[in-house]
1. So, R0 is 41 Å and r is the distance between the beta-carbons of Ser136 and Val21; what FRET efficiency does that work out to, to 0.05?
2. Using the Karplus curve 6.51 cos²θ - 1.76 cosθ + 1.60 with θ = phi - 60°, work out ³J(HN,Hα) for each residue of the range 144-154 in order, rounded to whole Hz, and write x for Gly and Pro.
3. Name the long-range amide H neighbours of Val53: under 5 Å, sequence gap of 5 or more, or other chain; modelled H, no Pro or chain starts.
4. What list of ³J(HN,Hα) values in whole Hz, one per residue of the range 37-49 in order, does the Karplus curve 6.51 cos²θ - 1.76 cosθ + 1.60 (θ = phi - 60°) give from phi, with Gly and Pro shown as x?
5. Using the beta-carbon distance between Asp37 and Asn116 and R0 = 51 Å, what value does 1/(1 + (r/R0)^6) give for FRET efficiency, to the nearest 0.05?
6. Going from most exposed to least, what order do Leu128, Leu167, Leu76 have by accessible area with a 1.4 Å probe?
7. Assuming R0 = 25 Å, can you tell me the calculated FRET efficiency for the pair Leu147 and Lys124, based on Cβ-Cβ distance, to the nearest 0.05?
8. What is the Rg over Rh value, at two decimals, for the range 1-45, using alpha-carbon atoms and the Kirkwood definition of Rh?
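The values are calculated or read from the model by the stated rules, or taken from the named source; none is laboratory data. Please read these numbers as outputs of a predicted model, since none were measured by experiment. Neighbour counts run over all protein chains shown; Cβ positions are idealised from the backbone, glycine included. Surface accessibility is based on the protein's heavy atoms, side chains included, excluding ligands, DNA and RNA. Shrake-Rupley method; radii C 1.70, N 1.55, O 1.52, S 1.80 Å.
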Amino acid sequence: DYVVVRMIPDNRLPPRHLHAVRTGKTFAVVKWESPYDSPDQDMLYAVAVKDLVRKTDKIYKVKSRNSTVEYTIKKLEPGGKYHVIVQLGNMSKESSMKINTVPLSAPDALKIITENDHILLFWKSLALKESNFNESRGYEIHMFDSLMNITAYLGNTTDNFFKVSNLKIGHNYSFSVQARCLYGGQMCGEPATLLYDELGTGEDSSATKSGRATDVAAIVVPVLFLLLVTLGIGFVVLYMRHRRLQSSFTAFTNSHYSSRLGSAIFSSGDDLGDEDDEAPMITGFSDDVPMVIA
């Protein structure tokens, strides 16, 4: 035996399994299930979004007959903190959750230039890659002294550089630059960190290493080029000397070659270089020998 039981829908129950599916810089996708399975009519939900930083509230209305509802909350701020409450439109029991949006990215290419009595921090404008960032918001700079184990707030600027003075010899510093925090330091951008050692040279785990590699290449490439040019000139000089010696030796052997003997004849002293060594010596004519002229 069996019996079929149909539960009476209770609109006073809260939405089930409220959670965040995805969060970005200016939006959040939330998802929940209806208070009971297979609703047979459209259900009106009230989605309240409380800004925990600005202390403001917004309410959105969502109508759906599906058992699973997905909704995108827009016009949020990067690095914000929000409290999301979902309930039926009749103000039944609620489901709530907290979400944090993705903060602004860290500035790129943070570098150090060392001067006589101070250093300069340089970085790329964050507006180049963040459409939600306005240069008027500016940046804030922090410094960490590893020897003293203290962190100091150096100030903020709307420029893409910052001057740091009064650094102590023998101390290692770590500098960070980020989008300026808003509303009591609660909405900040991701920091770009750069290490500065006691010798006064900056080191960054990303941008500075590539800059250093570029500087080394700028020195090594011209040196290698000069070495190759010098080697090339040396090979040309050696080749020309070799050809000259070979030509001189060939000319010398040809001038001392005897076709009658089939070999070269060399002599020492002043006879070297005499082209008439092989000519027969004429000693004169005898009176009793007739001279015939043809």
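1. Efficiency, from the Cβ-Cβ distance: 0.75.
2. 3J(HN,Hα) across the range 144-154, in whole Hz: 10, 9, 5, 6, 8, 6, 10, 10, 10, 8, 8.
3. Lys81
4. Listing the rounded values in order: 6, 6, x, 9, 8, 5, 10, 9, 10, 10, 10, 9, 10 Hz.
5. The computed FRET efficiency comes out at 0.10.
6. Leu128, Leu167, Leu76
7. Taking R0 as 25 Å, the efficiency between Leu147 and Lys124 is 0.25.
8. 1.17
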